[in-house]
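Contents: one structure, followed by commentary.
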There are 2 protein chains.
Amino acid sequence: MTTPTQHRLCMIPGPVEFDADVLNAMATPATSHVDPFFIEKFGSAIELLRKVFFAPTGQPFVVAGSGTLTWDATAANLVENGDNVLVINTGIFGDWFAECIGVYGGVVDAVRAPFGSRPSLAQIEAALTSKHYKLVTVTHVDTSSGVLNNIEDICVLVKRVSPNTLIALDGVCSVGAEVIKQEEWGIDVVMTGSQKALGVPPGLAVMVVSKRAVEVALNRKSPPTTYFASFKKWLPIMQKYEARQASYFATPPVQLILALQVSLEQLVAAQGSLEHRFAQHRAASAKVKDTLESWGLQLVPVNRACAANTLTAVYYPAGVAPAEFLGKVGLKGVVLAGGLHPEHATKYFRIGHMNVSVVNDSLLNHLETTLDAIKAALQECGHKI
Amino acid sequence: MTTPTQHRLCMIPGPVEFDADVLNAMATPATSHVDPFFIEKFGSAIELLRKVFFAPTGQPFVVAGSGTLTWDATAANLVENGDNVLVINTGIFGDWFAECIGVYGGVVDAVRAPFGSRPSLAQIEAALTSKHYKLVTVTHVDTSSGVLNNIEDICVLVKRVSPNTLIALDGVCSVGAEVIKQEEWGIDVVMTGSQKALGVPPGLAVMVVSKRAVEVALNRKSPPTTYFASFKKWLPIMQKYEARQASYFATPPVQLILALQVSLEQLVAAQGSLEHRFAQHRAASAKVKDTLESWGLQLVPVNRACAANTLTAVYYPAGVAPAEFLGKVGLKGVVLAGGLHPEHATKYFRIGHMNVSVVNDSLLNHLETTLDAIKAALQECGHKI
Ligand SMILES: Cc1ncc(COP(=O)(O)O)c(C=O)c1O
Ligand SMILES: Cc1ncc(COP(=O)(O)O)c(C=O)c1O
């Protein structure tokens with residue numbers, strides 16, 4: 001068994017490696033949730049989220065939880081019993097989000113594509129014109145397939161065909177690394193967790209909600225069937241913290257929020273701009289994918305246009321056994337993830353490349369170390385390179 | 001504004017001061033949620049919770065969230081639309097828990113007592129015999145009033161009068177400090193958050209559920225209206241981690257769970273026994289309360305039998321202004337909490353005394369430091385001692 005003193009590089013699609021200042025903030029001594037120091041940092045984090053999400057008038061929510069809780073929050077607050085919801089499905093996270101929406105009374109249709117590809121705009125348009133949907137959800141990057149959705153095109157389509165339909169983006173594996181212009185593109189909800197491209201340990205549900213969607217939530221016919229994830233409960237709390245005032249609904253996870261604030265400052269400040277950061281993720285992704293392909297491996301996404309920049313999902317070459325390969329990589333000090341999609345899990349593995357492992361790569365050498373470990377393990381497993 | 005380098009003692013009723021090893025675990029480098037090291041620690045934490053809750057056959061659940069999420073989980077999983085629920089109310093947390101139960105369709109009656117006291121057993125018996133309740137909830141320590149409920153007596157009463165009624169204990173401000181024999185007393189759900197007597201930073205919802213209550217949750221007529229807080233979803237995950245196997249429903253907050261495991265080990269190991277720890281909390285509480293009374297202050301709880309051992313709620317003496325007093329204490333390096341109950345908030349303040357500040361008091365001197373700061377601030381505010 002490994003111990004933290006024998007740290008292995010965590011190159012899975014979340015949790016990712018963390019910056020030292022972010023980790024230090026996790027160990028901040030006991031601080032009251034209404035201490036002026038914490039109020040200032042929480043307020044700052046809320047403001048910074050608007051920048052990172054490109055949503056100058058959006059309402060950020062930061063609550064103890066994880067990416068999954070943002071599904072509950074979206075469904076519970078925006079969907080009422082019997083409301084039609086369209087899920088654009090590019091992997092297992094689409095199935096699970098759909099299940100969650102059903103729990104809150106949504107009647108879900110899905111637009112699907114074969115594993116490794118994404119539904120066409122024509123398919124989505126056909127669905128959108130077949131009936132009225134209150135909400136359409138898109139998984140930006142489905143972490144089970146490594147498929148990237150063309151969210152900007154989908155937004156243009158929805159605005160043209162069904163402008164009253166709310167758009168919710170599962171950005172759990174994209175926010176902070178893939179381009180998202182929430183307000184310009186008219187996305188009503190963008191969701192994420194802390195442990196992916198935001199580069200913070202797991203434990204936070206993070207989302208930014210449009211004014212339009214907040215209104216929908218506040219003017220529901222029936223009250224939402226959630227207490228902990230209620231927008232109505234959290235809205236005044238977020239507003240108070242942003243106004244640098246004390247308030248309380250449920251105790252916020254002080255240390256995680258301090259760590260988030262540190263990481264968000266790095267996101268907006270480091271090396272100039274978020275655009276630069278997005279370009280770095282595209283470059284890192286291309287490097288990993290080009291290298292793997294040059295070794296004769298085949299990516300799960302059917303083409304580069306629909307391949308995520310935050311992770312690489314790639315098939316094992318013939319003759320390489322999953323457990324043996326992942327075990328050998330692990331012995332070389334690098335942790336990768338196996339497949340996740342239940343129907344294909346044993347055929348492919350996944351490499352996460354986000355946050356410090358990408359933007360500090362020249363310093364940290366995470367990508368080279370990872371690729372070297374993969375190469376050696378493949379060779380030991382009998383694959384010729 | 002204070003910064004973490006000018007740390008002030010956090011003597012509020014949660015978050016409390018943290019042990020150094022617990023804080024170090026918060027800064028554990030990136031670790032996969034399915035890494036063998038983490039699986040081992042999470043499995044161990046689950047086992048340790050059974051000891052701390054005195055529930056050898058209970059099912060622990062540990063989920064990213066906070067104490068409030070354990071209310072949602074209890075209500076969403078155990079209450080169906082129209083089910084009768086009796087809330088034994090000793091402060092504002094009883095009101096809020098009742099509101100949460102209503103969100104999930106429960107029809108709530110409350111047994112109340114004047115601020116500072118607790119309902120009599122006769123009152124509770126009268127309510128229990130008036131109709132059948134599926135669930136009765138008790139706030140063990142209401143953090144807004146400092147009132148302690150006689151949970152053992154209440155359990156005996158419920159078992160005698162209405163043995164099929166499930167018993168849920170809000171132990172957010174008691175677990176790990178006040179005596180709770182979950183299984184012996186027949187409590188179906190005991191809830192807490194990480195940031196109180198468990199001595200871990202905020203961010204975890206922690207609960208142990210009886211076999212009987214798990215059965216009720218799994219055999220509901222209607223599915224629960226929660227996805228993130230579903231017992232059915234988390235049960236196999238908790239079982240797998242305990243069996244030291246990988247599994248996934250939503251990413252667990254790795255660092256917080258590592259910190260929890262460290263703290264739980266301290267709870268069961270330190271200085272012999274949990275019983276000793278409970279006694280230490282009684283002694284610390286008596287010391288704080290005796291001292292304040294010797295200075296002419298009046299406690300909020302009407303007598304010592306109904307006064308919590310985890311915090312002290314005490315009225316400001318005549319002529320002492322809340323903001324001035326709390327400000328002066330803060331300048332002396334100690335953070336206290338104001339009143340919380342909306343009808344009485346400006347009349348009293350609260351001192352938390354849990355975990356390291358109690359069990360390591362001889363080393364850390366937190367209680368003396370706090371009492372000294374209070375004494376000096378009272379005198380500066382014109383109160384004669
Ligand atoms: C695309 C996507 N959506 C949702 C989730 C769920 O997030 P969490 O595991 O933080 O609950 C994940 C987690 O990996 C994800 O990748
Ligand atoms: C008795 C009691 N119940 C519930 C809660 C809610 O817990 P949290 O603030 O962690 O959500 C608290 C918080 O102080 C509490 O003291």
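FYI, it's all coordinate maths here, none of it is from the lab. In this text the structure is predicted, and so the values were computed from the model without any measurement. Heads up, the Cβs are rebuilt from the backbone with ideal geometry, glycines too, and the neighbour counts pull from every protein chain shown.
Counting other Cβ atoms within 10 Å, keep those with at most 10, restrict to DSSP loop, and tell me which trypsin sites (Lys or Arg not before Pro) in region B:295-385 are left.
Sparse-neighbourhood loop trypsin sites (Lys or Arg not before Pro): B:K384.
Taking Rh as the Kirkwood radius computed over C-alpha pairs, what is the Stokes-Einstein D of chain A at 4 °C in a medium of viscosity 1.567 mPa s, expressed in µm² per second?
Rounded, D is 61 µm²/s.
Give me the Debye-computed log₁₀ of I(q)/I(0) at q = 0.14, 0.16, 0.23 Å⁻¹ for region B:48-131, equal point scatterers on Cα only, no solvent, two decimals.
-0.61, -0.78, -1.12
For B:K221, place a label point 7 Å out from Cα along the Cα→Cβ vector, do the same in each other copy, and report the separations in nm, one decimal, smallest first.
Spacings between copies for this position, smallest first, are 2.4 nm.
Taking K and R as +1 and D and E as -1, what net charge do the other residues with C-beta under 13 Å from the C-beta of B:N355 add up to?
Within the 13 Å Cβ shell, the charges total -3.
When Lys and Arg each count +1 and Asp and Glu each count -1, what net charge do the other residues less than 13 Å away from A:A127, Cβ to Cβ, add up to?
In short, 0.
Summing Lys, Arg as +1 and Asp, Glu as -1, what charge do residues with Cβ under 15 Å from the Cβ of B:H140 carry, B:H140 excluded?
-2
In terms of modelled amide H atoms, which long-range or inter-chain residues lie less than 5 Å from the amide H of A:V107?
A:G82, A:D83, A:N84, A:V85
Below 19 Å, Cα to Cα, which aspartates and glutamates can A:K328 reach? Residues fewer than 8 away in the same chain don't count.
Within the straight-line cut-off, A:K328 pairs with A:E368, A:D372, A:E380, B:D35.
Identify the trypsin sites (Lys or Arg not before Pro) of region B:98-198 meeting these criteria: DSSP loop state and at most 15 other C-beta atoms within 10 Å of the C-beta.
Those that pass, being in a loop and sparsely packed, are B:K131, B:K181.
Which far-off residues, 5 or more places away or on another chain, put their amide H under 5 Å from the one on A:T90, with H placed in the peptide plane?
Amide H neighbours of A:T90, under 5 Å, 5+ apart: A:T139.
What are the lysines whose alpha-carbon lies under 18 Å from the alpha-carbon of A:K51, with same-chain residues fewer than 8 places away excluded?
A:K41, A:K181, A:K196, A:K211
Quantify how strongly other chains surround peptide A:226-239 by giving the mean number of their Cβ atoms within 10 Å of each of its Cβ atoms.
4
Which lysines, on any chain, are close to A:K332 with Cα under 16 Å apart, when same-chain ones fewer than 8 places away are left out?
Straight-distance partners of A:K332: A:K375.
Provide a whole-number value for the mean count of partner chain Cβ atoms within 10 Å of the Cβ atoms in peptide A:65-74.
Mean partner shielding for this stretch: 5.
Sorted by packing (mean other beta-carbon atoms within 10 Å per residue), highest first, where do A:17-24, B:225-232, A:186-193, A:217-224 land?
Result, highest mean Cβ count within 10 Å first: A:186-193, B:225-232, A:17-24, A:217-224.
Please list, in chain and number order, the residues 5+ apart from A:L135 or on another chain whose amide H is under 5 Å from its amide H, with Hs placed from the backbone.
Residues meeting the criterion, in which the H sits 1.01 Å from N, are A:L86, A:L166.
Could you give the distance between the Cα centres of region A:332-347 and region B:53-95, to the whole Å?
36
Among DSSP bridges having both ends in region B:59-164, what percentage is antiparallel? Round to the nearest 5.
About 20 percent, rounded to the nearest 5.
DSSP H helices in chain A with Cα extent of 20 Å or more along the helix axis and mean Kyte-Doolittle hydropathy at least 0.0?
A:36-52, A:254-269
Estimate the FRET efficiency between B:Q379 and B:H7 by the formula 1/(1 + (r/R0)^6), using the beta-carbon distance for r and 30 Å for R0, to the nearest 0.05.
0.75
For B:K384, place a label point 7 Å out from Cα along the Cα→Cβ vector, do the same in each other copy, and report the separations in nm, one decimal, smallest first.
When each copy's label point is compared with this one, the spacings are 10.0 nm.
Students often get this wrong: which residues of region B:134-149 have the backbone nitrogen under 19 Å from the point 7 angstrom along Cα-to-C-beta of B:D109?
Zone members listed by number: B:134-139.
List the distances, in nm and shortest first, from the label point of B:N24 to the matching label points in every other copy, placing each point 7 Å from Cα along the Cα-to-Cβ direction.
For B:N24, the inter-copy label distances come out at 1.8 nm.
Roughly how crowded by other chains is peptide B:17-23, in terms of the mean Cβ count from those chains within 10 Å of each of its Cβ atoms?
Mean shielding by partner chains, rounded to a whole number: 2.
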